[in-house]
Amino acid sequence: MSQDIKIEGLAPLLYVFDMPASLKFYRDILGFKVVLSSGQNDTADWVLLKLNTTELMLNTAYEMENRPKKPDANRLAMHADTWLYFGCPDTDALYEHLKSHGVELDKPGITKYNWKAIHLKDPDGYGLCFHWPLPNN
């Protein structure tokens with residue numbers, strides 16, 4: 001007899017080059033709230049963010065004193081393989097919100113699986129998709 005295992009939630013961890021830039025994007029533009037942090041300000045090395053029921057952790061790729069002047073191109077290239085998908089019932093409103101904050105992105109499109117979606121990259125090159133299913137015709 002197997003026991004039911006209860007798993008609740010998921011909090012992906014992304015390694016970021018510049019925590020203040022990442023917080024500006026995730027907190028100040030997307031609206032995530034900092035729930036826990038390893039420091040007292042935007043230069044913390046780790047944060048747990050939450051928006052409604054969605055959690056996301058950010059960790060600096062380098063401690064501040066060891067951070068190079070610019071991101072490693074090879075490390076950033078590897079981020080292209082990572083995509084996070086977020087449920088977003090009103091992709092048009094999100095598009096307008098992101099545009100009003102200077103985020104460069106294409107208008108929402110319809111995917112092959114009939115969802116309306118916005119695709120963009122965060123400051124570290126991680127792929128983000130905000131999507132929602134369209135009603136069946």
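Among the residues of the stretch 23-38, just one is crowded, with 16+ Cβ neighbours inside 10 Å and farther than 22 Å from W83 by Cα, namely S37.
May I ask you to list the residues in the stretch 7-35 that are of a type in the set (A, V, I, L, M) and in a helix (DSSP H, G or I)? It would help to see each step written out before you state the result.
Start the filter on the stretch 7-35 by keeping residues that are of a type in the set (A, V, I, L, M), which leaves 7, 10-11, 13-14, 16, 19, 21, 23, 29-30, 34-35.
Within the stretch 7-35, M19, A21, L23, I29 meet the criteria.
Conditions first: (1) of a type outside the set (D, E, K, R); (2) in contact with a Phe, Trp or Tyr (Cβ under 9 Å, 6 or more places away or on another chain); (3) surrounded by fewer than 16 Cβ atoms within 10 Å (Cβ to Cβ). N41 passes all but one, so which condition is the exception? For N41, the failing item is (2).
The single condition among (1) exposed (fewer than 12 other Cβ atoms within 10 Å of the Cβ); (2) of a type outside the set (V, I, T); (3) more than 17 Å from L14 (Cβ to Cβ) that K99 does not meet is (1). When residues in the stretch 38-55 are screened for being within 17 Å of the chain's Cα centre (by Cα) and either closer than 16 Å to P20 by Cβ or touching a residue at least 60 places away in the same chain (Cβ under 8 Å) (or both), 5 of them pass.
Taking the stretch 27-44 as the search range and keeping residues that are touching a helix residue (DSSP H, G or I) at 6+ places or on another chain (Cβ under 8 Å) and farther than 27 Å from H119 by Cα, which one is modelled with the lowest pLDDT? Filtering first and then ranking leaves T43.
The values are calculated or read from the model by the stated rules, or taken from the named source; none is laboratory data. Keep in mind that what you see is a predicted model, and the values were worked out from it rather than measured. Every residue, glycine among them, receives a Cβ derived from its backbone with ideal geometry; neighbour counts consider all protein chains shown.
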